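Undergrad: Would you mind keeping the following structure in view while I ask a few things?
The values are calculated or read from the model by the stated rules, or taken from the named source; none is laboratory data. Nothing here was measured: the structure is a model prediction, and the numbers come from that model. Glycine gets a Cβ as well: all are built from the backbone with ideal geometry, and neighbour counts include every protein chain shown.
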Amino acid sequence: MVYLIYDTDSLLACSLTCYSWYIAAVPHLHHTLTTDDRPLPSQYQRLRWPGPLRKSYDLGLLPLVKQFRIRVEESDFGPDRFNKHTLRYFSALTNLQELGIDNLQTFGFVSTSRRYFEHLSPTLRFLALKQPRGSCRQILYFIGLFPNLQDLKLHYPNTINYQEEQDGVDDVTLVPLSVPPLRGRLILTCFAREKLVRDMIDLFGGLRFHTMDLYMVNCVRLLLDGCAETLEALRLYPSDPYSETYLSQ
Amino acid sequence: MEEPALFQQFNLSRIKSLRTLETTAESVTTAGNTALRSFRTILSTVTSPILLDLTIVYWDSDIDGVGHYPLAREQEQEKEYRTACALRHQHRFEVLREMHKARGFQLVLCADVFGHIETCATKMLKRLVNAERARGGWDYLLHERLIIAERRTPRARYNDRRPGWEGRYPVSASAL
């Protein structure tokens with residue numbers, strides 16, 4: 001069964017064989033949940049927020065979900081995405097270990113983030129933010145909501161130097177609620193927000209990552225110096241044309 | 001030979017516990033000598049006393065035959081494709097040999113591929129390593145090279161495997 005964990009269709013077939021196969025297959029089958037608000041063909045409309053979340057909630061499957069990915073393309077993901085129903089569904093993700101959110105509107109969640117995300121704090125180990133909106137402090141405040149976080153991925157979609165306007169005038173009174181260990185893997189892609197790294201060093205008391213995966217990053221020197229004591233593995237792409245091709249898609 | 005800007009940015013001399021340097025197979029074989037110069041510069045800065053693993057990560061696109069349909073191709077085209085693949089692998093191993101002159105390492109070939117391609121990828125790497133051994137191409141390495149088939153990125157699923165890469169259609173239980 002483990003051999004099939006990446007093959008959803010085969011897992012589904014296994015789960016229909018008998019009860020014991022269902023029990024073996026179901027944790028893998030519902031390991032990953034994705035909502036997708038990008039412009040997709042009509043047959044994928046059912047993936048739009050909060051469709052998959054609601055469906056899994058109705059079937060009592062959300063405690064099985066270990067990885068949840070929220071894909072957004074043309075808008076932001078802010079508090080307006082939640083109402084009393086969606087908040088109830090989202091709160092049922094009690095064993096989530098990995099969370100990925102596109103275009104997270106961190107400034108929108110500053111005052112209310114605990115209400116929406118606190119239930120994830122005991123279990124969440126990996127946070128992936130694609131093009132997070134907000135100032136450096138606001139992003140770090142969001143990261144600080146998860147006191148057991150080990151791995152972090154910050155991903156920008158292109159090589160244009162992306163800097164929020166707020167980077168220059170940040171709210172220095174905004175302090176993260178906790179200091180996550182962040183001893184696992186740091187993945188940065190097309191990353192040009194050096195101030196975010198500097199603030200992370202200040203607010204989290206340094207960098208402690210054991211592994212770094214860096215593609216088109218403007219502050220490599222700062223990161224390498226910051227992790228000089230702990231870094232064991234480094235992945236680099238000094239001249240990989242494929243990554244560039246795929247990034248432009 | 002060294003590139004000052006790259007040397008400045010990727011100077012690894014302060015990292016004393018570095019065990020593994022990873023890169024992609026495609027990074028090793030870019031046009032001209034850019035890749036070789038970059039890697040030699042970076043490797044020359046490593047001062048960690050620990051034996052360094054140089055891990056070359058093969059993605060799906062680096063595996064021979066993936067995305068190609070031999071039955072639909074003319075025999076001549078197929079021969080050209082196979083020849084191009086063989087030359088690419090050979091060139092990659094030659095670059096690795098040159099890189100070793102800058103700093104010794106233990107070579108690890110890692111197939112980080114999607115699902116069922118894993119078996120095919122491992123077979124291909126074994127075949128390449130054996131062919132290179134037969135040519136005497138590994139004489140510069142002190143240790144046996146390793147082949148692993150592993151999904152090394154955190155919880156690598158098809159959609160998130162490649163940094164920055166976004167598949168058009170998600171594949172997860174929610175899509176069923």
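Undergrad: Yes or no: A:LEU174 assigned to a strand (DSSP E or B) and modelled with pLDDT under 90?
TA: Details: assigned to a strand (DSSP E or B): no; modelled with pLDDT under 90: yes.
So A:LEU174 does not fit the description; no.
Undergrad: So which residues in segment B:32-60 are in contact with a strand residue (DSSP E or B) (Cβ under 8 Å, 6 or more places away or on another chain) and aliphatic (A, V, I, L, M), if there are any at all?
TA: Taking segment B:32-60 first, the residues in contact with a strand residue (DSSP E or B) (Cβ under 8 Å, 6 or more places away or on another chain) are B:39, B:42-43, B:46, B:51-59.
Once the filter is applied, which keeps residues that are in contact with a strand residue (DSSP E or B) (Cβ under 8 Å, 6 or more places away or on another chain) and aliphatic (A, V, I, L, M), segment B:32-60 yields B:ILE42, B:LEU43, B:VAL46, B:LEU51, B:LEU52, B:LEU54, B:ILE56, B:VAL57.
Undergrad: In segment B:95-122, what residues are acidic (Asp, Glu) and in contact with a Leu (Cβ under 9 Å, 6 or more places away or on another chain)?
TA: If we filter segment B:95-122 for residues that are acidic (Asp, Glu), which is where we start, we get B:98, B:112, B:118.
If the condition is that a residue be acidic (Asp, Glu) and in contact with a Leu (Cβ under 9 Å, 6 or more places away or on another chain), then B:GLU98 is the only one that fits.
Undergrad: Can you tell me which residue in segment A:49-73 is surrounded by the most Cβ atoms within 10 Å (Cβ to Cβ), limited to those that are more than 18 Å from the chain's Cα centre (by Cα) and either aromatic (Phe, Trp, Tyr) or part of a loop (DSSP other than H, G, I, E, B) (or both)?
TA: Only one residue tops the list, namely A:TYR57.
Undergrad: Just wondering, is there one or more residues in segment A:17-40 that are outside any strand (DSSP E or B), within 12 Å of chain B (Cβ to nearest Cβ) and farther than 30 Å from A:ARG115 by Cα?
TA: So the first thing to find is which residues in segment A:17-40 are outside any strand (DSSP E or B), and the list is A:17-31, A:37-40.
Narrowing the set further to residues that are within 12 Å of chain B (Cβ to nearest Cβ) leaves A:25-31, A:37-40.
Subsequent filtering for residues that are farther than 30 Å from A:ARG115 by Cα retains A:25, A:40.
Scanning segment A:17-40, I find at least one residue that is outside any strand (DSSP E or B), within 12 Å of chain B (Cβ to nearest Cβ) and farther than 30 Å from A:ARG115 by Cα, so the answer is yes.
Undergrad: Can you spot a residue in segment A:179-196 that is assigned to a loop (DSSP other than H, G, I, E, B), within 11 Å of chain B (Cβ to nearest Cβ), modelled with pLDDT of 90 or more and closer than 27 Å to A:SER135 by Cβ?
TA: Initial filter on segment A:179-196 (assigned to a loop (DSSP other than H, G, I, E, B)): A:179-184, A:192-193.
Imposing the further condition that a residue be within 11 Å of chain B (Cβ to nearest Cβ) reduces the set to A:184.
Checking the rest, the ones that are also modelled with pLDDT of 90 or more come to A:184.
Subset that is closer than 27 Å to A:SER135 by Cβ: A:184.
Yes, because at least one residue in segment A:179-196 is assigned to a loop (DSSP other than H, G, I, E, B), within 11 Å of chain B (Cβ to nearest Cβ), modelled with pLDDT of 90 or more and closer than 27 Å to A:SER135 by Cβ.
Undergrad: Further, regarding this structure: Report, by residue number, each residue of segment B:93-117 that is under 17 Å from B:ASP139 (Cβ atoms) and in contact (Cβ under 8 Å) with a residue 60 or more places away in the chain.
TA: Keep residues of segment B:93-117 that are under 17 Å from B:ASP139 (Cβ atoms), which gives B:93-101, B:104-107.
Correct list: B:VAL95, B:LEU96, B:GLU98, B:MET99, B:LYS101, B:PHE105.
Undergrad: Among (1) modelled with pLDDT under 85; (2) farther than 24 Å from B:GLN8 by Cβ; (3) out of contact with any Lys or Arg (no Cβ under 9 Å at 6 or more places or on another chain), where does B:TRP59 come up short?
TA: (3)
Undergrad: List, please: which pairs have Cβ atoms under 7 Å, are six or more places apart or on different chains, and start with a residue in segment A:44-72 that is under 18 Å from A:GLN97 (Cβ atoms) and end with one that is assigned to a loop (DSSP other than H, G, I, E, B) and β-branched (Val, Ile, Thr)?
TA: The qualifying pairs are A:SER56/A:VAL65; A:PRO63/A:THR94.
Undergrad: Specify which of the listed residues (A:ASN103, A:ASN95) is at positive phi, in contact (Cβ under 8 Å) with a residue 12 or more places away in the chain and either in the same structural domain as A:VAL172 (by TED's automatic domain parsing) or buried (at least 18 other Cβ atoms within 10 Å of the Cβ) (or both).
TA: Working: A:ASN95 fails: at positive phi.
Just one listed residue meets the conditions, A:ASN103.
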